[in-house]
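Just below is one structure, and these are the notes that go with it.
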Amino acid sequence: MRLALFDLDNTLLGGDSDHAWGDYLCERGILDAVAYKARNDEFYQDYLAGTLDNAEYLNFCLEILGRTEMAQLNAWHNDYMRDCIEPIMLPQAVELLAKHRAAGDKLVIITATNRFITAPIAARLGVETLIATECEMENGRYTGRSTDVPCFREGKVTRLNRWLEETGHSLEDSYFYSDSMNDLPLLEQVTHPVAVDPDPNLRAEAQKRGWPVITLRS
């Protein structure tokens, strides 16, 4: 079965789910709007520039999970899906997923954003397989720390290769769709790399290598 791999943020979504979660928490007074939003914006600019310290970022953004009960987190996430994610769902992204599904391809979302945020989004998109940054849990609740290899840059390749070994899938004739230069290590591994509404660095790299550049935004 051929694999169709998809980045999530700014690829299948018309925005960044991780950044939007921070904005949601600030707008509702759950976190200090001025201090948190300023730091969150700094991290996001680092991500766009390809200079993100991922370990530092994970410590920052997962802290709220470690000090909040699961029931409250799930209630917040339901509101977040309605208010923040539904408005940035892209019809053309849904159509692209449907096209690969109809072709009999195995759909996989592979994202640097953590599983707490992204699992309901993947489910909403009808994609059963999600490879994401993992949140550590103990006694049925989050610790506020990440676990396993973060699914970021070369870590995406590491996590995907492990999944390939576990499932018996291969990258033969595979696709990967992404907007970000941070995903260059994985784009180089697949048969059909596709730049989707790419950042300037990835756009230049795609043009240099002759990779397709597409848009999923109207």
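The values are calculated or read from the model by the stated rules, or taken from the named source; none is laboratory data. Just so we're clear, the structure is a prediction, and the values are computed from it rather than from any experiment. FYI the Cβ positions are ideal-geometry reconstructions off the backbone, even for glycines, and counts take in every protein chain you see. Accessible surface areas use protein heavy atoms only, side chains included; no ligands, DNA or RNA. Shrake-Rupley method; radii C 1.70, N 1.55, O 1.52, S 1.80 Å.
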- Between the modelled labels at R124 and N78 (7 Å from Cα along Cα→Cβ) the distance in nm is 1.5 nm
- Query: So what's the angle, to the nearest 10 degrees on a 0 to 90 scale, between helix 54-66 and the longest Cα principal axis of the chain?
  - Reply: 50 degrees
- Residue-wise HN-Hα coupling along the stretch 10-17, computed from phi with Karplus coefficients 6.51, -1.76, 1.60 (Hz; x: Gly, Pro): 6, 10, 7, 10, x, x, 10, 5
- Message: Using a 1.4 Å probe on the protein heavy atoms only, what accessible surface does E166 show? Give it in Å² to the nearest 10.
- Response: 130 Å²
- Task: Could you grab the Rg to Rh ratio for the stretch 17-86? Cα atoms only, Kirkwood for Rh.
- Result: 0.97
- Report the relative contact order of the chain, percent, no decimals, based on alpha-carbon pairs under 8 angstrom and at least 6 residues apart. 26 percent
- Item | Using alpha-carbon coordinates, inclination of helix 200-209 to the longest axis of the chain, degrees | 20 degrees
- Item | Protein accessible area in the chain, 1.4 Å probe - carbon and sulfur % | 49 percent
- Message: For the chain, what does the accessible surface come to per residue with a 1.4 Å probe? Please give it in Å².
- Response: 45 Å²
- List, in order, the whole-Hz ³J(HN,Hα) value for each residue of the stretch 91-99 obtained from phi through the Karplus relation with A = 6.51, B = -1.76, C = 1.60 and θ = phi - 60°; use x for Gly and Pro. x, 5, 5, 4, 5, 5, 4, 5, 4
- Task: Using per-residue counts of other Cβ atoms within 10 Å, averaged over each peptide, order 113-125, 6-18, 47-59 from highest down.
- Result: 6-18, 113-125, 47-59
- Note on the structure: Sorted largest first, the C-alpha extents of the stretch 28-138 along its principal axes in whole angstrom are 46, 35, 30
- If one compares the long axis through the Cα atoms of helix 154-167 with the longest principal axis of the Cα atoms of the chain, the angle in degrees, nearest 10, works out at 70 degrees
- How much mean residue ellipticity at 222 nm does the chain get from its helices, if each DSSP H run of length 4 or more adds -39500 (n - 2.57) and you divide by all residues, to the nearest 500 deg cm²/dmol? -14500 deg cm²/dmol
- Grab the beta carbon distance between I88 and S170, set R0 = 25 Å, and tell me the FRET efficiency rounded to 0.05. 0.15
